[in-house]
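Undergrad: Pasting a structure below so you can have a look.
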Amino acid sequence: MPTNRTTLHQILNRMTRHPLPASHQRTSRPVARTERVLAVGRAFLTVTGLIAIYLDPTEPARLREVTYGVLFGYALYSLAVLAYVNGTARLTPRHGQLLHGLDILWTSALTFVSEGPVSPFFLFFLFVVLAAANRWGFRETAGTAAITVVVFLIETAVAAAGPWNATWFASIEFELNRTILRVAYLLLTGVLLGYLAEQEKHSRAELTAIAAAARQPHVNLGLGGSVVAIARALMSTFSARSVSIVVRDHDTRRTVLWQVDVPPPDSGRPPVRRSELTAQQQAAWFFEDYGRTWHASPERNGDGAATVRVTEAEAWRLARRRVNVPPPFLAVHPFKEVTAVNMGLPNESQARAFLFDARDRGGLERRLHFLEELADHVTPALTNVFLLRRLRARAGATERARVARELHDGAIQALYGIEMKIEAIRRESHHRPTAADSELGEIQELLRREVLGLRELMQALRPTELDSSEQLPDVLATLVERFRRDTGISARFIAAGGRISMPPSRALEIVRIVQEALVNVRKHSQAQNVLVRLTAEGGTYRLVVEDDGLGFAFEGRLTARELDDRRVGPAIIKERARIADISLAVDSTPGTGSRVELTFSEDVHA
């Protein structure tokens, strides 16, 4: 397997070639924030060190005046840096490198003049190592620790040898054990802090990549667009030669494969291929695999055997197996190595993503665990898109069925009746011209009613623009006025009371209820007058639709439950009132008229 030292920071740089929110395009802390934190720490360390030796002047014992001067200069420098970084709008990585170099020089000078290898300011070396860990990663921190060790050894050698030993360092005796311990202390601190800093940066980069990938599935893209967006993100993140994602819908028993390949140079976005798989083709992709996330490398003997590494729950180390890769899979997509992860929702959908010839990213274990975690975050977003797509499909099918039923029971039956009447008129027109005139009048009336029915159906299908409940009175007034113009039935709308305040979803249901009530008036009531009244009083709303028509097939006042028990009343209005959690009551006097009354409160949400 080829090795590659590219870090996750570079993975994220590749990933951000696709449009992503700015908040997800950083893989490390902003330079300005890091330098401000370090400036506060540097100023605190130097100022408190200056105060400490002022309060306890016993150390350093040698070159006290020089030490005071150097430490005082370092403290002034620290305060100047603190003021600079807090007053500068933009800092670059080069600023950090310069400040880091100056910290090493200041610390080297301070420890050298203050008794060298036994200097009480040895702690300042640790600040330099901590600063490297905050700014960068493992290599830079370990390198800083090595530099500080070299400085410390030079100071030790200077203190232990030469004619100046009798003057500057007269009280210092070279101790090998102390020197070894301090060198080990610096190296261990640098390596440990560097490792922790590198792991923290890797974790931050992974979280950024996961957040970016989880944002790829989007309702507006649909299922296909979301799958392709995820495939492109995986290809960019893991530098794969090709990514294939196959999705099986358990409800429709359809399986679709999306394949995204690396584009030719200077050709734009990766090309996408979509194909619906037959049962035989499905077996090539949905074979019984080896675990949630796995990596396979075929052996060179060409007999289909492969070495597979599989993630296991609660274990970092990968399980190693030797298996035979199914020949159909080897035939559909040749590869040198393949990484796969399983996604999906049990009993709803199954998805499997294949990354062909992905490059190694900091070790195979890290890559597979990172891919598994990424899939854990992407799966819910993709599942939401999948379920919404299915819900929309079912809602569309239900609405189409309703429209078909309305057309069949209304317009189509009426047109058949018109055809039969015209045929009868054609046969009798020579013998009974007066009867033909009467029949033609009936046909004209029938056509007028069906035109109104089709217009009402189209109006019901047209989306109603209702951004807030305050628009409800205007929408209802427009609805009633249109009904009056189209049918010739005298219709009025009255709104009384205070401000209307309710969820927009409930207001939309009220509009649909009024539409259905007016359709019933036209079709069944033979009414001459209709009144729609909306009142608001003390947080309680009442909507009434009453007419002077034939009424319902019962007498008296019935609630929604009583209407269901008797199986009478307007079915669609009952269903919509139940959805909106609205109390329904119907008054009916056969031959005199009916009254539909809806009551609901402001504090009840749809």
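Undergrad: Which of the residues belonging to region 526-579 are buried (at least 19 other Cβ atoms within 10 Å of the Cβ) and hydroxyl-bearing (S, T, Y)?
TA: Once the filter is applied, which keeps residues that are buried (at least 19 other Cβ atoms within 10 Å of the Cβ) and hydroxyl-bearing (S, T, Y), region 526-579 yields only Y541.
Here's the yes/no breakdown for (1) within 19 Å of A229 (Cα to Cα); (2) in contact (Cβ under 8 Å) with a residue 40 or more places away in the chain:
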| site | (1), (2) |
| --- | --- |
| R322 | no, no |
| L330 | no, no |
| E337 | no, yes |
| V341 | yes, yes |
| F356 | yes, yes |
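Undergrad: State whether one or more residues within region 81-104 are in contact with a Leu (Cβ under 7 Å, 6 or more places away or on another chain) and either among the hydrophobic types (A, V, I, L, M, F, W, C) or at pLDDT below 90 (or both).
TA: Looking through region 81-104, at least one residue is in contact with a Leu (Cβ under 7 Å, 6 or more places away or on another chain) and either among the hydrophobic types (A, V, I, L, M, F, W, C) or at pLDDT below 90 (or both).
Undergrad: Additional query: Scan region 494-536 for residues that are of a type in the set (D, E, K, R) and more than 29 Å from T592 (Cα to Cα) and report the count.
TA: 2
Undergrad: Right, another one. Based on what the data block shows, is Q280 loosely packed, with under 12 Cβ neighbours inside 10 Å and either touching a residue at least 60 places away in the same chain (Cβ under 8 Å) or not in a loop (DSSP other than H, G, I, E, B) (or both)? Can you show your working first?
TA: Values: loosely packed, with under 12 Cβ neighbours inside 10 Å: yes; either touching a residue at least 60 places away in the same chain (Cβ under 8 Å) or not in a loop (DSSP other than H, G, I, E, B) (or both): yes.
Judged against the criteria, Q280 is a match.
Undergrad: Filter region 294-316 down to the residues that are farther than 19 Å from A358 by Cα and at pLDDT 85 or above and list them by number.
TA: Here is the first cut: in region 294-316, the ones farther than 19 Å from A358 by Cα are 301-305, 312-316.
Result: E312, single match.
Undergrad: Would you pick out the residues in region 563-598 that are touching a Leu at 6+ places or on another chain (Cβ under 8 Å) and within 11 Å of I510 (Cα to Cα)?
TA: Across region 563-598, the qualifying residues are I573, A577, I582, L598.
Undergrad: Can you spot a residue in region 585-594 that is at pLDDT 90 or above, assigned by TED's automatic domain parsing to the domain that holds R485, more than 24 Å from T487 (Cα to Cα) and crowded, with 16+ Cβ neighbours inside 10 Å?
TA: yes
Undergrad: How do the pairs read when you match residues in region 171-193 that are within 23 Å of V113 (Cβ to Cβ) and assigned by TED's automatic domain parsing to the domain that holds A146 with residues anywhere that are modelled with pLDDT of 85 or more and surrounded by 16 or more Cβ atoms within 10 Å (Cβ to Cβ), using Cβ under 6 Å and keeping only pairs 6 or more apart or on different chains?
TA: These pairs meet every condition: V183/V149; L186/A145; L186/T148; L186/V149.
Undergrad: Any residue at all in region 459-481 that's part of a helix (DSSP H, G or I), modelled with pLDDT under 65 and among the hydrophobic types (A, V, I, L, M, F, W, C)? Walk me through it before giving the result.
TA: Initially, region 459-481 is screened for residues part of a helix (DSSP H, G or I), giving 459-461, 469-481.
Keeping just the survivors that are modelled with pLDDT under 65 gives 459-461.
Then keep just the ones that are among the hydrophobic types (A, V, I, L, M, F, W, C); that gives 460-461.
Yes, the conditions are met somewhere in region 459-481.
Undergrad: Does A381 qualify as being modelled with pLDDT of 85 or more, under 28 Å from A211 (Cα atoms) and among the small types (G, A, S)? Before the answer, list the steps.
TA: Numbers: modelled with pLDDT of 85 or more: no; under 28 Å from A211 (Cα atoms): yes; among the small types (G, A, S): yes.
In short, no.
Undergrad: Can you list the helices (runs of 4 or more DSSP H) lying wholly within region 494-606 that have 1 or more residues being hydroxyl-bearing (S, T, Y)? Outline the logic, then answer.
TA: Numbers: elements: 504-520, 560-566, 571-579.
Those helices (runs of 4 or more DSSP H) span 504-520.
Undergrad: Mind checking which pairs have a first residue in region 85-114 that is surrounded by 20 or more Cβ atoms within 10 Å (Cβ to Cβ) and a second that is of a type in the set (D, E, K, R) and assigned to a loop (DSSP other than H, G, I, E, B), Cβ under 9 Å, 6 or more apart or different chains?
TA: Short answer, once both residue conditions are applied: V113/R62; S114/E59; S114/R62.
Undergrad: A further question on this structure: Within region 565-580, is there a residue that is closer than 17 Å to L472 by Cα and modelled with pLDDT of 90 or more?
TA: No: region 565-580 contains no residue that is closer than 17 Å to L472 by Cα and modelled with pLDDT of 90 or more.
Undergrad: Could you list all residues from region 50-76 that are within 17 Å of F122 (Cβ to Cβ) and either outside the structural domain of A131 (by TED's automatic domain parsing) or at pLDDT 85 or above (or both)?
TA: Within region 50-76, V70, L71, Y74 meet the criteria.
Every residue, every condition in (1) at pLDDT 75 or above; (2) buried (at least 16 other Cβ atoms within 10 Å of the Cβ); (3) touching a Cys at 6+ places or on another chain (Cβ under 6 Å); (4) assigned by TED's automatic domain parsing to the domain that holds T339, yes or no:
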| position | (1), (2), (3), (4) |
| --- | --- |
| Y195 | yes, no, no, no |
| L207 | no, no, no, no |
| S226 | yes, yes, no, yes |
| I230 | yes, yes, no, yes |
| A233 | yes, yes, no, yes |
| S239 | yes, yes, no, yes |
| I245 | yes, yes, no, yes |
| R248 | yes, yes, no, yes |
| D251 | no, no, no, yes |
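Undergrad: Please go through region 217-251 and give me each residue that is part of a helix (DSSP H, G or I) and under 19 Å from L388 (Cα atoms), ordered by number. Give the derivation first.
TA: Narrowing region 217-251 to residues part of a helix (DSSP H, G or I): 219-238.
Correct list: V219, N220, L221, G222, L223, G224, G225, S226, V227, V228, A229, I230.
Undergrad: Residues in region 539-597 that are without any contact (Cβ under 8 Å) to a residue 60 or more places away in the chain and among the β-branched types (V, I, T): how many?
TA: 8
The values are calculated or read from the model by the stated rules, or taken from the named source; none is laboratory data. These figures come from a predicted structure and were not determined experimentally. Methodologically, a virtual Cβ is constructed for each residue, glycine included, from the backbone with ideal geometry; neighbour enumeration extends over all protein chains shown.
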